[in-house]
Amino acid sequence: MHFIYNTDIMKNLILLVLCLIGFISLEAQNERYFDERYISSMSFLNPVLVNPGATGHNFNHTVFMTYKNNWAAFENTPKSFIASYDGPIADRLGLGAMILTDRSGDLQTTKFQGSVSYTIDTPTNKIGFGLSAEYIQHGLSSEVFSDPLLDPNDILINNRIAGSNFFDVSFGIYGVFNGKLTYGLALPSLVSSRIDDGDDSTDREIGYLFNLGYRIDDLDSDLVLEPSVFVKKLMNVPFHADVNVLARFLDDKLRGGVTYTVGADEKLGFIIGASVNSMNFNYSYSGSRQEFQTYNNGAHEISVSFNIDSKAKRGMSENSLDGQ
């Protein structure tokens, strides 16, 4: 039995290596790894991570940080870190910034993003229109040469370490109707241009990210339920949808929920969180229904955010009451 178990592990290791080799080979042609908007499982809590239309939408200054370890306890598993800020800079105008790093084995991605939005706030509907400018670099870690079988003078590998650099522009719409119905549509990399010396002639499809949710707060207790769905068709990412149900307790001092991913790597997970004054903590876990799940401890993500009330929030509320 012990021999069979080791054989199964070896098969999965070989499969993982083959996938990584195929991934690198694919990128030698397409030069673009993936759309990084699929990474975080916290996007339904902080939609600015995937939709520039949500920038400054709450008229608060928000600092958000999250760390995710996918396939935990397995060697060289994907690990990601995201830090973002968004908030109001003038009447109806929001400004945001974000940094993302992702590493899977020797493959690594770095992203810098700036976003701006214009929000129209009426008594029944609040809708934001946003644009983001993004610099993305895909490449290999220099640690790849720790493998003694690789030649440090290999031109192809050194070119991949230098990376492929892109400048993208994305567009998004995000709104809340009657304080209950949330909706959004993001068109990531609507304009994309390679800014190094590589070939920029690769065909690509325009993806989208659509979300819809509803806030149920007329229950007989202080419980608030928020079911939502995020449908994602992203570059080099299998089509999938995240179905979420979040419960908030004690004026959002405590929260918890479940999330289920349909399509792609089918996953089931949960999320718990708490708020202390202006600070929010969240933790999520998800496990795949694929066979590889038996060889890892699932995906773990932890986030912390800070919300600072602003004069713009109070001013916009007064304008909405005046019908302006």
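Of note:
- The mean sequence distance of close C-alpha pairs (under 8 Å, at least 6 residues apart), as a share of the length of the stretch 48-183, puts its relative contact order at 24 percent.
- Checking the cross-link pairs Lys126/Lys267; Lys126/Lys233; Lys232/Lys267; Lys68/Lys180; Lys232/Lys253 against a 24 Å limit on the alpha carbon distance flags Lys126/Lys267; Lys126/Lys233; Lys68/Lys180; Lys232/Lys253 as lying beyond it.
- Peptides 103-112, 287-296 ordered by packing proxy, namely the average of other Cβ atoms within 10 Å per residue, highest first: 103-112, 287-296.
- Order by protection proxy (mean Cβ within 10 Å, highest first), peptides 269-279, 120-130: 120-130, 269-279
- Descending by average beta-carbon neighbour count within 10 Å, the peptides 255-263, 220-228 line up as 255-263, 220-228, the highest first.
- Relative exposure of Thr101, Thr119, judged by other C-beta atoms within 10 Å (fewest first): Thr101, Thr119
Rule-based calculations on the coordinates, nothing more; no lab input. All figures in this text were calculated on a predicted structure; none of them were measured in a lab. Every residue, glycine among them, receives a Cβ derived from its backbone with ideal geometry; neighbour counts consider all protein chains shown.
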